[in-house]
Amino acid sequence: MDLNVGVAYDADPERVLEILRGVAKAHPKALAEPAPLALCTGFGDSALKFVLRVWTAHFEEVESVQSQLAVGVHAALTAAKIEIPFPQRDLHIRSIESEQPSLLRRQGPGDGNA
């Protein structure tokens, strides 16, 4: 099974690989042979991309083991203070009608424009 993981660009890729391998090796249902494999697979829009590849003896357990690994990876990355980013977009406004900038101001709670 493969578990895809994205981390912030300021993370140390070698440290991330070490964490991923450690989580996999600690899981009781992850096979030692073939050994778990952690790879940095490239650069995403908002994150460095990794994959953790783990083998288990029973196909019917794949989803459960994958879920447990995801929870373990999240906990390990959080403990290491490595951020799992969410996609972000920048909006650039080139032109706007003169009365419309007031519509873009952030409104407070309870004004109907949350």
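Rule-based calculations on the coordinates, nothing more; no lab input. The structure displayed is predicted, hence computed values, not measured ones. Cβ placement follows ideal geometry from the backbone for every residue including glycine, while neighbour counts extend to all protein chains displayed.
Under a Cβ-Cβ cut-off of 14 Å, what is the net charge of the residues other than residue 57 that fall near it, where Lys and Arg count +1 and Asp and Glu count -1? Here the charged neighbours net out to -2. Loop-resident GluC sites (Glu not before Pro) (DSSP state other than H, G, I, E or B) in segment 45-96 with no more than 15 further Cβ atoms inside 10 Å of their Cβ: 83. Between residue 18 and residue 90, full extension at 0.36 nm per residue minus the direct alpha carbon distance yields a gain of 22.7 nm. In plain terms, the chain from residue 29 to residue 10 could stretch by 3.7 nm, reckoned as 0.36 nm per residue minus the Cα-Cα distance. For segment 2-79, the Kirkwood hydrodynamic radius comes to 12.6 Å, computed from all pairs of different C-alpha atoms.
Entry note, segment 2-79: relative contact order of 39 percent, from Cα contacts under 8 Å with a spacing of 6+ residues.
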